[in-house]
Each structure stands twice: as structure tokens, then as C-alpha cells.
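Contents: one structure, followed by commentary.
The values are calculated or read from the model by the stated rules, or taken from the named source; none is laboratory data. Just so it is clear, the model here is predicted, and its values are computed rather than measured. When we count neighbours, we look across all protein chains shown, and the Cβ atoms used for this are built from the backbone with ideal geometry, even at glycine. Accessible surface is based on the protein model in full, side chains and every heavy atom, while ligands, DNA and RNA are left aside. Shrake-Rupley method; radii C 1.70, N 1.55, O 1.52, S 1.80 Å.
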Amino acid sequence: MLDSIGSPLLWTVTVAILVVLLAVDFAVTRRPHDVPMREAVGWTVFYLALPVVFGLVMWPLYGGDVSVEFFTGWVVEKSLSVDNLFVFMLLLTAFAVPSALAQRVLLYGIVGALVLRAVFIALGAAVISAGSWAFLLFGAILLVTAAKVMRDAVSGHAQQVDIGSMRSVKLLSRLMPVTREYHGAKLTVRSAGRRALTPMALVVVAVFMTDIVFAVDSVPAVYGVTDDPYIVFATNAFALLGLRALYFVLPNALSKLRHLNHGLAVILGFIGVKLVLHWAHTVWSWAPEVPTPLSLVVILGVLLTVTATSVAANRREAATPAAPDKVGAGS
């Protein structure tokens with residue numbers, strides 16, 4: 001049985017607050033509208049301040065170690081959620097989602113991600129309880145993922161979304177007719193005397209399926225920081241809650257972080273090594289372990305570095321004069 005600060009009362013209060021926040025988000029998105037920057041910035045600041053307050057409250061209640069574990073896990077999950085957000089952007093573009101409906105799609109995606117993370121966190125806790133070999137397994141998963149992310153980043157392969165290859169979308173299209181137009185935020189409508197899906201339903205399913213892929217990576221990553229299921233869930237919840245607003249604040253900035261995937265690969269690789277060392281320490285006591293405060297410093301250092309290198313690369317590109325058009329020989 002894993003040690004956890006998550007008492008029944010703490011879990012109940014946390015889930016209740018989460019439900020209230022999601023209910024408020026659904027109320028805000030009930031009437032489709034284009035999101036003004038002021039509204040997006042306000043919600044983004046709120047959802048960034050919330051985990052900071054939570055982590056500071058954890059310190060006097062449960063100790064500095066728990067608080068540092070939370071902040072480290074939250075930084076990891078927030079970094080990975082930005083990559084998740086970028087895929088959401090690709091999906092919204094691929095399905096030609098009207099801008100007024102974008103935040104409702106994002107909210108569906110966030111709810112789906114939260115449910116899947118809860119399931120994977122419970123499974124992860126069960127696996128870890130079965131033996132220390134679970135840390136070796138999680139470490140191997142992260143190292144393989146890190147190698148793939150780095151390979152794609154170095155080769156310059158941008159993330160792409162191929163709707164035609166999504167089996168879930170194909171299956172839904174075969175089971176039920178799909179309308180050509182969006183009907184607000186409705187997932188189904190009655191058309192020609194029978195129930196039909198809207199494109200909104202297809203994009204929600206596509207977003208949900210991508211959530212599964214991201215859950216496979218993110219849950220082992222945060223278990224590399226802490227083995228407390230409650231802290232793992234809290235870091236995931238706080239990292240995901242603010243994505244809806246963040247989408248409208250950083251539509252252009254995300255594409256300019258050209259080295260973000262390089263940084264994510266390094267972070268995943270670092271946590272993978274940390275997990276393998278943790279497993280090794282349970283077998284050989286002389287094997288070193290990476291302390292959580294050092295992990296936080298390394299992760300923040302990587303994120304600051306890739307942000308700085310991305311900014312520098314963008315400035316160099318902007319300062320490079322465009323090559324003049326070639327003039328034909330006969331002119």
C-alpha cells in the first residue's frame with residue numbers, strides 16, 4: 001500500500017472543488033462566443049495562481065517535501081500539457097471548428113483527460129504496489145518516449161493530425177450519419193427523421209482518443225517525481241484545468257517555441273533515468289537517487305533554456321534578410 005496524504009476528507013474536498021470549477025467552465029462556455037483576450041488572460045492568471053496557493057498551503061499542513069513534490073510534478077505536467085494543447089489546436093484546425101465553439105471542444109477534451117488520468121493514476125498505483133519493478137517499467141516507457149520525441153524534434157517533423165487514419169472517427173461515421181454543418185455545441189441532432197452526429201461529436205471523440213496517448217506518457221512522468229497517488233492526481237488536475245483559457249492566450253506563442261519538444265524530450269529522459277535509479281536503489285543500496293529539489297531545478301532549467309534558445313532562433317531568423325527573387329536571363 002502506497003503512503004499518501006490523501007485522506008477520504010481531502011479527496012472529497014478536492015473532487016468537490018474540481019467539480020465546481022468544471023461546472024463554472026461549462027457555464028462560461030454554455031453560450032458559444034469568441035473569447036476576448038481580457039477574458040482568456042483573466043482565467044489563465046486564475047488557473048496559474050490556484051496551484052501556487054495550493055502548493056503553499058501544502059507546506060505547513062504536510063511539510064516542505066510534499067510541497068516541493070507537488071510543485072515539481074505540476075511543472076512537469078504543465079509542460080506536457082502544453083504539448084497536449086498544441087495537438088488540440090491541430091485537431092480544431094483539421095475539423096474546421098468555428099472559433100466560437102473552440103472553448104467547448106477544449107473543455108470536453110480537458111474533462112476526458114481528467115477522467116483518463118484518474119484511471120491511469122489508479123492503475124499506476126496498483127502496479128507500483130505490486131513491486132519496485134514498476135519504476136523500471138515506467139522509466140523504460142519514458143526513455144523510449146523521450147527518444148521518439150527527440151528524434152522527431154531533431155528531424156524537424158512537425159506534429160500532424162490525419163483525421164482519415166483515426167479508426168474511432170471512421171467507426172462513428174459508419175455507425176451513424178454525420179451532418180455537414182456544426183449545430184452549435186450539440187453533439188447530435190435529428191436530421192431527415194433520424195438521429196445524426198454533428199462534426200462536433202467527431203472532434204470530441206478525436207480529442208478524447210489523443211487524451212489516451214498523452215495519459216500514457218504523463219502519468220509515469222509524474223510518478224517519477226512522487227509515488228503519492230493524491231499528489232499525482234492533483235498535479236494533473238491543476239495542469240489541465242487552465243488549458244481552455246491558455247489556448248486563447250498563446251495561439252501564436254506555441255508555434256514560436258520551436259525547441260519545446262527538444263526540452264520535453266530531455267525532461268522525459270531525465271525523469272526516466274530518475275525512475276531507473278530509484279528502482280536500482282531498491283535493489284542495490286549504493287545506487288544513487290535523484291532528490292526531488294534537484295529534479296525541480298533541472299526541469300525549470302531545461303524549460304528556461306529551450307525558451308531562450310527558441311527566442312534567439314526566432315530573432316536570428318527575423319534578422320536574416322530574405323533572398324532576392326531571381327531575375328530571368330531575358331530581362
Checked segment 93-115 for anything in contact with a Phe, Trp or Tyr (Cβ under 8 Å, 6 or more places away or on another chain) and closer than 16 Å to T210 by Cα; matches are V105, L106, L107, Y108, G109, G112, A113
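Filter segment 134-151 down to the residues that are under 19 Å from V290 (Cβ atoms) and hydrophobic (A, V, I, L, M, F, W, C) and list them by number. Give the derivation first.
Restricting attention to segment 134-151, the residues satisfying the condition of being under 19 Å from V290 (Cβ atoms) are 134-143, 145-146.
Within segment 134-151, A134, F135, L136, L137, F138, A140, I141, L142, L143, A146 meet the criteria.
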Selection over segment 185-210 where residues are open to solvent by less than 50 Å² (accessible area, probe 1.4 Å) and within 17 Å of T93 (Cα to Cα) yields a count of 12
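Find the residue count for segment 38-60, including only residues that are more than 22 Å from the chain's Cα centre (by Cα) and in contact (Cβ under 8 Å) with a residue 12 or more places away in the chain. Lay out the reasoning, then the answer.
At the first step, the residues of segment 38-60 found to be more than 22 Å from the chain's Cα centre (by Cα) are 38, 56-60.
Those left that are additionally in contact (Cβ under 8 Å) with a residue 12 or more places away in the chain: 58.
The number of residues fulfilling the criteria is 1.
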Residue hits (segment 124-133; in contact (Cβ under 8 Å) with a residue 12 or more places away in the chain and over 19 Å from the mean Cα position of the chain (by Cα)) are A125, I128, S129, S132, W133
Of the conditions (1) in a helix (DSSP H, G or I); (2) touching a residue at least 60 places away in the same chain (Cβ under 8 Å), the single one that D227 does not satisfy is (1)
Can you confirm whether segment 272-291 contains a residue that is open to solvent by 60 Å² or more (accessible area, probe 1.4 Å) and basic (K, R)?
no
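Of all helices (runs of 4 or more DSSP H) completely enclosed by segment 1-99, which ones contain at least 2 residues that are open to solvent by 60 Å² or more (accessible area, probe 1.4 Å) and of a type in the set (F, W, Y)? Let's see the steps before the verdict.
Working: elements: 8-28, 37-62, 64-94.
Once the helices (runs of 4 or more DSSP H) in segment 1-99 are filtered for at least 2 residues that are open to solvent by 60 Å² or more (accessible area, probe 1.4 Å) and of a type in the set (F, W, Y), what remains is 8-28, 37-62.
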Every listed condition ((1) farther than 18 Å from K78 by Cβ; (2) aromatic (F, W, Y); (3) at pLDDT below 90) holds for W11 save (3)
